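Undergrad: Structure below; questions to follow.
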Amino acid sequence: MKKKRLPSFVLNFSCLLIYVFLLAPIIVVLLSSLTTTEYIVFPPEGLTFRWYAELLEHPEFIHSLLLSILVAFLTAIIATAIGTLASLAIVRYEFKGKEAIVQLVGSPLLIPSVVFGVALLQFYSWIGLAASPLALVIGHIILTVPFVVRLVVASLVGFDRSIEQAALNLGAGPFKVFLQITLPIIKSGIIAGAIFAFITSFDDLTVALFIVSTDVVTLPVRIYTYMQYQYDPIITSISSIMILFTIVLMIIIERVLGVGKIFSSKNQ
Amino acid sequence: MLYGNQKIYYLLERVGDSYMKLETGSTINIKKKKKKKKIWDAWLLVIPTLAVFIFFFLIPLFFLFITSFKTFDASTGIGGEWTFQNYIKFISDPFYLGVLWRTVKIGLITTLVTIIISYPVAFQIAKAKGKVKNYLTLLVLSPLLISMVIRCYGWVILLSNNGVINSSLMKLGWIDQPLELLYSEFSVIVGMVHVLFPYMVLSIMGSLERIDTSVLRASQNLGASSLKTFTSVTLPLTLPGIFAGSVMVFSLSVSSFVTPSILGGPQVKVMSYITYEQVAVMLNWPYGGAIGFILIFIATITIVFYSKILSKSKKGVAIQ
């Protein structure tokens with residue numbers, strides 16, 4: 001046994017270092033938002049929530065945060081709705097061109113977002129669609145439908161269709177069957193799809209960078225442009241709010257779906 | 001958490017092209033009688049997605065592709081003449097070839113470093129059981145959920161001239177002047193490894209978990225040390241996972257924009273950055289489009305190459 005102990009110590013120690021590396025930038029952002037200095041410094045000097053209060057004097061950050069939430073919310077709802085319908089067709093029907101549709105729906109994952117952003121900007125300027133929440137939502141739908149389809153297809157595969165058949169035989173209409181039988185069973189796939197659509201949209205800088213205008217700026221773009229000119233702890237305080245927002249979202253998901261559940265479906 | 005995982009499975013399927021067929025192909029054919037009516041149902045279900053994808057994905061990309069064969073006009077951006085000049089300009093100018101080489105080099109180094117630091121973590125998680133395993137997986141995947149802009153920003157704070165690393169090295173007296181860590185290839189690679197590391201962990205973990213433990217026991221019973229068992233049994237069996245993860249990390253790395261533009265900026269120009277620069281700063285749409293399509297080519301060629309190798313070495317064996 002003694003022989004085994006040293007390698008496992010080395011393994012655990014190197015993993016510990018890697019975990020520190022993994023969490024370092026996040027912890028640094030959180031802690032340096034509490035500094036009393038005028039500039040960003042780590043470790044923070046003193047302890048204050050001043051920079052959070054200062055955010056109120058920069059309403060543009062709050063506006064951007066609200067816009068990002070709105071865009072992510074709409075993206076999640078629309079992408080999940082159309083993605084779920086498409087998944088039903090992909091899993092349950094055989095039709096000409098299905099393979100091509102599967103490939104098409106997945107391809108945004110393979111195209112660099114910067115190229116998609118350029119293409120979309122050019123197209124928008126041609127059709128005269130100005131920067132607006134709608135323009136952002138459309139771009140984000142393209143980015144997020146692939147995830148929704150993957151997750152919903154996964155939950156539809158292995159679905160025992162005899163349950164639906166039974167309901168139909170018992171006299172339920174197809175719509176009722178869908179709402180009361182199909183939907184509850186594939187619920188976790190749909191919720192997971194919606195969550196990842198929300199997070200992807202909320203996080204997107206690359207595509208939004210091309211679409212935003214001076215009035216319509218999402219939070220990642222706001223942070224990105226702000227930090228090219230200034231280096232004060234306002235950025236770290238708004239970033240910390242975003243991090244905490246994500247953590248709260250994850251806790252809610254944990255309560256609703258359960259971490260164990262998400263992982264057990266993955267590990268099999 | 002499934003975010004990274006799904007992307008991996010997705011790319012694996014694209015390159016291996018087998019799961020999707022398994023998943024979708026087997027469940028159909030349930031009813032062939034009502035086929036005609038059902039085809040209409042199917043089209044009704046896909047039409048919303050299809051319409052959005054054709055109008056806002058295929059058509060824009062197609063127009064950009066067309067634009068990349070146009071001349072540049074300083075007043076309108078896009079001239080009226082057709083030309084191959086944009087592509088010729090790229091492959092004949094040492095500056096742009098240098099950018100291409102830097103992009104590929106950063107991708108290769110990122111992939112290599114990611115393999116080295118992912119393996120121990122994947123190994124530890126694969127060995128762990130129950131709750132510990134769940135929490136470790138959560139720990140590795142959670143950074144994926146935090147905004148990439150913010151994570152890169154954290155590295156800006158850490159690596160800047162008066163950042164933690166420089167100031168502690170100076171306090172220790174190892175250096176007199178701060179090292180120029182930020183806005184260098186080094187900082188871009190650090191940021192990319194940080195962003196892409198979870199994908200590699202998941203990929204390697206997948207192949208580690210598929211190893212039949214009786215093989216390992218057999219090796220030990222036959223007298224092999226744990227190191228020997230690792231190098232001659234475990235490692236070779238996880239090569240497909242390492243390989244698949246590398247393809248993914250490399251192609252995500254060469255196409256990434258956020259990390260190189262925050263941690264590298266104009267000092268470390270990569271393909272995605274000059275695409276952005278040509279369009280947003282120079283307003284040279286045709287050339288920006290051409291660079292973009294060269295980037296698409298570079299990012300997907302590895303995957304095509306990989307699937308070629310995969311189909312040669314018999315899909316089933318390689319995937320397992």
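The values are calculated or read from the model by the stated rules, or taken from the named source; none is laboratory data. Keep in mind the model is a prediction, meaning the values are calculated, not measured. When we count neighbours, we look across all protein chains shown, and the Cβ atoms used for this are built from the backbone with ideal geometry, even at glycine.
Undergrad: In this structure, does A:LEU156 turn out to be closer than 24 Å to B:SER255 by Cα and of a type outside the set (D, E, K, R)?
TA: Values: closer than 24 Å to B:SER255 by Cα: no; of a type outside the set (D, E, K, R): yes.
Here the answer is no, as A:LEU156 does not meet what is asked.
Undergrad: Go through region A:205-225 and report how many residues are within 10 Å of another protein chain (Cβ to nearest Cβ) and assigned to a loop (DSSP other than H, G, I, E, B). Spell out the reasoning first.
TA: We begin by selecting, within region A:205-225, every residue within 10 Å of another protein chain (Cβ to nearest Cβ); these are A:205-207, A:209-210, A:219-224.
Restricting the remaining residues to those that are assigned to a loop (DSSP other than H, G, I, E, B) gives A:205.
Here the count works out to 1.
Undergrad: Where in region B:65-169 are there helices (runs of 4 or more DSSP H), lying fully within it, with 3 or more residues that are modelled with pLDDT under 95, under 28 Å from B:PHE243 (Cα atoms) and in contact with a Cys (Cβ under 9 Å, 6 or more places away or on another chain)?
TA: Working: elements: B:85-92, B:94-127, B:130-141, B:148-159.
By residue number, B:94-127.
Undergrad: Is region B:18-28 home to any residue that is at pLDDT 50 or above and surrounded by 15 or more Cβ atoms within 10 Å (Cβ to Cβ)? Outline the logic, then answer.
TA: To start, the set of residues in region B:18-28 that are at pLDDT 50 or above comprises none.
There is no residue in region B:18-28 that is at pLDDT 50 or above and surrounded by 15 or more Cβ atoms within 10 Å (Cβ to Cβ).
Undergrad: If I go through region A:117-138 residue by residue, how many of them are surrounded by 18 or more Cβ atoms within 10 Å (Cβ to Cβ) and more than 7 Å from chain B (Cβ to nearest Cβ)?
TA: From region A:117-138, those surrounded by 18 or more Cβ atoms within 10 Å (Cβ to Cβ) are A:117-124, A:131, A:135-138; that's our starting set.
After this cut, where a residue has to be more than 7 Å from chain B (Cβ to nearest Cβ) as well, the list is A:117, A:121, A:124, A:131, A:135-137.
Looking only at that region, the number is 7.
Undergrad: What do you reckon, is A:GLN228 in a helix (DSSP H, G or I), modelled with pLDDT under 85 and not β-branched (Val, Ile, Thr)?
TA: On the way: in a helix (DSSP H, G or I): yes; modelled with pLDDT under 85: yes; not β-branched (Val, Ile, Thr): yes.
So A:GLN228 fits the description; yes.
Undergrad: Could you say which residue among A:PHE198, A:PHE202 is more than 10 Å from chain B (Cβ to nearest Cβ), buried (at least 17 other Cβ atoms within 10 Å of the Cβ) and closer than 30 Å to A:THR225 by Cα?
TA: Values: A:PHE202 fails: more than 10 Å from chain B (Cβ to nearest Cβ).
Residue meeting the stated conditions: A:PHE198.
Undergrad: Scan (1) crowded, with 22+ Cβ neighbours inside 10 Å; (2) farther than 20 Å from A:LEU17 by Cα; (3) among the basic types (Lys, Arg) for the single condition B:ARG151 breaks and write down its number.
TA: Answer for B:ARG151: the failing condition is (2).
Undergrad: Same structure, new question: Can you pull out the helices (runs of 4 or more DSSP H) entirely within region B:225-320 that have at least 2 residues that are more than 21 Å from the chain's Cα centre (by Cα), aliphatic (A, V, I, L, M) and facing chain A (nearest Cβ under 10 Å)? Spell out how you get there, then give the answer.
TA: Values: elements: B:226-229, B:235-255, B:258-263, B:271-280, B:285-312, B:315-319.
Hits in region B:225-320: B:271-280.
Undergrad: State the number of residues belonging to region A:120-132 that are in contact with a Ser or Thr (Cβ under 9 Å, 6 or more places away or on another chain) and outside any loop (DSSP other than H, G, I, E, B). Walk me through it before giving the result.
TA: Narrowing region A:120-132 to residues in contact with a Ser or Thr (Cβ under 9 Å, 6 or more places away or on another chain): A:122, A:130-132.
Retained after the next criterion (residues that are outside any loop (DSSP other than H, G, I, E, B)): A:122.
Here the count works out to 1.
Undergrad: Scan region A:104-115 for residues that are modelled with pLDDT of 95 or more and more than 7 Å from chain B (Cβ to nearest Cβ) and jot them down.
TA: Once the filter is applied, which keeps residues that are modelled with pLDDT of 95 or more and more than 7 Å from chain B (Cβ to nearest Cβ), region A:104-115 yields nothing.
Undergrad: Next question. Might you check whether a residue that is exposed (fewer than 14 other Cβ atoms within 10 Å of the Cβ) and at pLDDT 90 or above occurs anywhere in region B:239-256? Give the steps one after another, and end with the answer.
TA: Just the residues of region B:239-256 that are exposed (fewer than 14 other Cβ atoms within 10 Å of the Cβ), to begin with: B:239.
Next cut, at pLDDT 90 or above only: B:239.
Within region B:239-256, one or more residues are exposed (fewer than 14 other Cβ atoms within 10 Å of the Cβ) and at pLDDT 90 or above.
Undergrad: Can you name the number of the only condition in (1) crowded, with 18+ Cβ neighbours inside 10 Å; (2) at pLDDT below 80; (3) facing chain A (nearest Cβ under 8 Å) that B:LEU12 fails?
TA: The single condition B:LEU12 does not satisfy is (3).
Undergrad: Can I ask one more? Test A:GLY106 against the criterion of being under 20 Å from the mean Cα position of the chain (by Cα), assigned to a helix (DSSP H, G or I) and touching a residue at least 60 places away in the same chain (Cβ under 8 Å), and give yes or no. Please lay out each step first, then the result.
TA: On the way: under 20 Å from the mean Cα position of the chain (by Cα): yes; assigned to a helix (DSSP H, G or I): yes; touching a residue at least 60 places away in the same chain (Cβ under 8 Å): no.
Criteria not met by A:GLY106.
Undergrad: Would you mind stating whether A:ILE77 is within 12 Å of chain B (Cβ to nearest Cβ) and part of a helix (DSSP H, G or I)? Working first, answer last.
TA: Details: within 12 Å of chain B (Cβ to nearest Cβ): no; part of a helix (DSSP H, G or I): yes.
No: the conditions fail for A:ILE77.
Undergrad: Given the criteria out of contact with any Gly (no Cβ under 7 Å at 6 or more places or on another chain), of a type outside the set (Phe, Trp, Tyr) and more than 8 Å from chain B (Cβ to nearest Cβ), does A:THR35 qualify? Can you show your working first?
TA: Values: out of contact with any Gly (no Cβ under 7 Å at 6 or more places or on another chain): no; of a type outside the set (Phe, Trp, Tyr): yes; more than 8 Å from chain B (Cβ to nearest Cβ): yes.
No: the conditions fail for A:THR35.
Undergrad: Going by the conditions given, is A:ILE234 hydrophobic (A, V, I, L, M, F, W, C) and within 11 Å of another protein chain (Cβ to nearest Cβ)? Reasoning before the result, please.
TA: Details: hydrophobic (A, V, I, L, M, F, W, C): yes; within 11 Å of another protein chain (Cβ to nearest Cβ): no.
For A:ILE234, the condition - hydrophobic (A, V, I, L, M, F, W, C) and within 11 Å of another protein chain (Cβ to nearest Cβ) - is not met.
Undergrad: Just to verify a result, which residue in region A:84-111, among those that are under 26 Å from A:LEU183 (Cβ atoms) and of a type in the set (Lys, Arg), is surrounded by the most Cβ atoms within 10 Å (Cβ to Cβ)?
TA: Filtering region A:84-111 for residues that are under 26 Å from A:LEU183 (Cβ atoms) and of a type in the set (Lys, Arg), the one surrounded by the most Cβ atoms within 10 Å (Cβ to Cβ) comes out as A:ARG92.
Undergrad: Would you mind telling me which numbered condition in (1) modelled with pLDDT under 95; (2) over 16 Å from B:PHE57 (Cβ atoms); (3) surrounded by fewer than 24 Cβ atoms within 10 Å (Cβ to Cβ) A:ALA81 fails?
TA: Of (1) modelled with pLDDT under 95; (2) over 16 Å from B:PHE57 (Cβ atoms); (3) surrounded by fewer than 24 Cβ atoms within 10 Å (Cβ to Cβ), only one is false for A:ALA81: (1).
Undergrad: Would you confirm whether any residue within region B:39-56 is surrounded by 15 or more Cβ atoms within 10 Å (Cβ to Cβ), in a loop (DSSP other than H, G, I, E, B) and modelled with pLDDT under 95?
TA: Taking every residue of region B:39-56 in turn, none turns out to be surrounded by 15 or more Cβ atoms within 10 Å (Cβ to Cβ), in a loop (DSSP other than H, G, I, E, B) and modelled with pLDDT under 95.
Undergrad: Tell me the residue from B:TYR87, B:TYR119, B:TYR96, B:TYR135 that is within 20 Å of the chain's Cα centre (by Cα) and at negative phi, please.
TA: On the way: B:TYR87 fails: within 20 Å of the chain's Cα centre (by Cα); B:TYR96 fails: within 20 Å of the chain's Cα centre (by Cα); B:TYR135 fails: within 20 Å of the chain's Cα centre (by Cα).
The match here is B:TYR119.
Undergrad: Quick check on A:ILE69: is it touching a residue at least 24 places away in the same chain (Cβ under 8 Å) and among the aliphatic types (A, V, I, L, M)? Spell out the reasoning first.
TA: Numbers: touching a residue at least 24 places away in the same chain (Cβ under 8 Å): yes; among the aliphatic types (A, V, I, L, M): yes.
The answer is yes for A:ILE69.
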